[in-house]
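*Asks:* To start, I am sharing the structure in question, which I have written as structure tokens.
The values are calculated or read from the model by the stated rules, or taken from the named source; none is laboratory data. Predicted model only: the values in this text are computed from it and were never measured. All Cβ positions, glycine included, derive from the backbone under ideal geometry; neighbour counts span all protein chains shown. Just the protein is used for accessible areas: all its heavy atoms, side chains included, with ligands, DNA and RNA removed. Shrake-Rupley method; radii C 1.70, N 1.55, O 1.52, S 1.80 Å.
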Amino acid sequence: QVQLVESGGGLVQPGGSLRLSCVASGFTFSNNVMRWYRQAPGKQREVVAVISSAGDTSYPDSMKGRFTISRDNAKNTVYLQMNSLKPEDTALYYCNTWAASNGYWGQGTQVTVSS
């Protein structure tokens, strides 16, 4: 059974940093592409960062330079380091992967950027 469990969200001031974690189980983590998405109230879910099984990363232009995705295959964990946070980064952040043609999501972790 595939499980993704996110953590690390919270309330942070503008300009601050957070590191999100997603612990995965139920599949061969090292073989899978992992993604972070986010969804703000009233908005569509959007991809934040992607990391391949080989460790190659990609980001939307709006996140480049501020967000960094990484993975630790020994810990079955993918991370999202977020720096220079802005109020518009406020959202529920989700971890995602695909296994056996099915998409899997965690429960999300809330990030709120506010002074």
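*Asks:* If I filter the stretch 51-59 for residues that are modelled with pLDDT under 95 and open to solvent by less than 30 Å² (accessible area, probe 1.4 Å), do I get at least one hit?
*Replies:* no
*Asks:* Tell me, yes or no, whether the stretch 77-93 has at least one residue that is part of a loop (DSSP other than H, G, I, E, B) and farther than 17 Å from Gly10 by Cβ.
*Replies:* If we filter the stretch 77-93 for residues that are part of a loop (DSSP other than H, G, I, E, B), which is where we start, we get 83-86, 90.
Still in the running and farther than 17 Å from Gly10 by Cβ: none.
No, there is no match, as no residue in the stretch 77-93 is part of a loop (DSSP other than H, G, I, E, B) and farther than 17 Å from Gly10 by Cβ.
*Asks:* Follow-up question, since we're still on this one. Does the stretch 23-36 include one or more residues that are touching a Lys or Arg at 6+ places or on another chain (Cβ under 8 Å), in a strand (DSSP E or B) and of a type in the set (Phe, Trp, Tyr)?
*Replies:* no
*Asks:* Next question, about the same structure. Identify all residues within the stretch 24-45 that are open to solvent by 30 Å² or more (accessible area, probe 1.4 Å) and either free of Cβ contacts under 8 Å to residues at least 12 places away in the same chain or closer than 22 Å to Met63 by Cβ (or both); write none if there are none.
*Replies:* Across the stretch 24-45, the qualifying residues are Thr28, Val33, Arg35, Tyr37, Gln39, Pro41, Gly42, Lys43, Gln44, Arg45.
*Asks:* To continue, here is another question. Residues of the stretch 100-113 being in contact (Cβ under 8 Å) with a residue 40 or more places away in the chain and open to solvent by less than 60 Å² (accessible area, probe 1.4 Å), which ones?
*Replies:* Residues satisfying the conditions are Gly106, Gly108, Thr109, Val111, Thr112, Val113.
*Asks:* Please state which of the following conditions Met82 fails to meet, knowing it meets all the rest: (1) loosely packed, with under 13 Cβ neighbours inside 10 Å; (2) in contact with an Asp or Glu (Cβ under 8 Å, 6 or more places away or on another chain).
*Replies:* Going through the list (1) loosely packed, with under 13 Cβ neighbours inside 10 Å; (2) in contact with an Asp or Glu (Cβ under 8 Å, 6 or more places away or on another chain), Met82 breaks only (1).
*Asks:* Ok, one more. Going by the conditions given, is Thr97 open to solvent by 40 Å² or more (accessible area, probe 1.4 Å), touching a strand residue (DSSP E or B) at 6+ places or on another chain (Cβ under 6 Å) and modelled with pLDDT of 95 or more?
*Replies:* Taking the combined requirement at face value, the residue does not satisfy it.
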